[in-house]
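Down below is the structure, laid out as structure tokens.
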Amino acid sequence: MTVADHVGFEAFAERLAVIRARIESAAPEPERVTLLAVTKGFGPDAVRTALAAGLVAVGENYADELVDKAAALSGDPGPAPVWHYLGAIQRNKVPRLAPLVSCWQGVRRVEEGRAIARRHPGARVLVQVDVAGLPGRGGVPPTGVADLVGLLRAEDLDVDGLMAVGTPGPPEGARDGFREVTRLADELGLATRSMGMTDDLEVALSEGSTMVRVGRALFGERPPRSVG
């Protein structure tokens, strides 16, 4: 893995102010929106910068990165990050992640939920909804969401909401998918709608998002992930 240089605190604070202004202008209830700092590709100092700026919720896409960063930060004073795992859930990595992860975003199959429940009964999870219908994007089709939510609840998991990645392309093209996620969440009584990233967060917020996942607009461009 190649680690990108993280921005300094002053630059980060300026970027954070811009993101907060975007949330304030787009969200019907900005105070209900959680800003998740996504530090994928950046080292532990990026997490420290986010924490110093008051962002406690931190998202990671790769199991090894999350475990390594948690270890590097374990002796730090001050608040600890509240880790959200955003990546594909590999059952063989759940034992390492379970003591660290506070919210598992992107649960796609009941087998993944069972693996989490064995290690962390009552864990908070979000079901990933496939709103794009494109190969390799992951998630459960909207028609399968209710069944998966029921199965995960039967596994003694706290199914707190839904997560979605917007349709690629112009932000406006993601609107219908985000609207469908909010409709499903309302029908199922789920509080959290994790949708919207750097480019499409305004559309997501206008369609009911309660959590936006922002990396590039806070930390800058990530380096390519090395293989091997």
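Coordinate-derived values only; no laboratory data. Owing to the predicted nature of the structure, the values given are computational and were not obtained by experimental measurement. Glycine gets a Cβ as well: all are built from the backbone with ideal geometry, and neighbour counts include every protein chain shown.
Computed values, structure above
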| read-out | value |
| --- | --- |
| Choice from 128, 105, 90 with maximal GNM fluctuation in the chain (Cα, 10 Å cutoff) | 90 |
| Over 20 Å [Cα-Cα, region 9-215], rounded percent | 56 percent |
| Vicinal HN-Hα couplings computed from phi for region 20-32 (Karplus, 6.51 cos²θ - 1.76 cosθ + 1.60; Hz; Gly/Pro x) | 5, 5, 5, 5, 4, 7, 9, 8, x, 10, x, 5, 8 |
| Rh by Kirkwood over Cα pairs, then Stokes-Einstein D for region 21-79 at 1.002 mPa s and 20 °C, µm²/s | 169 µm²/s |
| Share of Cα-Cα pairs in region 116-161 lying beyond 18 Å, as whole percent | 33 percent |
| Mean separation of Cα contacts under 8 Å, 6 or more apart, over the residue count of region 56-127: relative contact order % | 30 percent |
| Contour minus Cα-Cα distance for residue 29 and residue 102 (0.36 nm per residue) | 23.9 nm |
| Candidates 50, 164, 191: whichever shows maximal mean-square fluctuation once the chain is modelled as a Gaussian network with Cα springs under 10 Å | 191 |
| Computed FRET value (nearest 0.05) for residue 10 with residue 191, which takes r as the C-beta separation and R₀ as 41 Å | 0.75 |
| Packing-based ranking, highest mean first, of 74-82, 13-21 given that Cβ atoms within 10 Å are counted | 13-21, 74-82 |
| Rounded FRET efficiency, nearest 0.05, which uses the C-beta distance separating residue 21 from residue 158 and R0 of 22 Å | 0.10 |
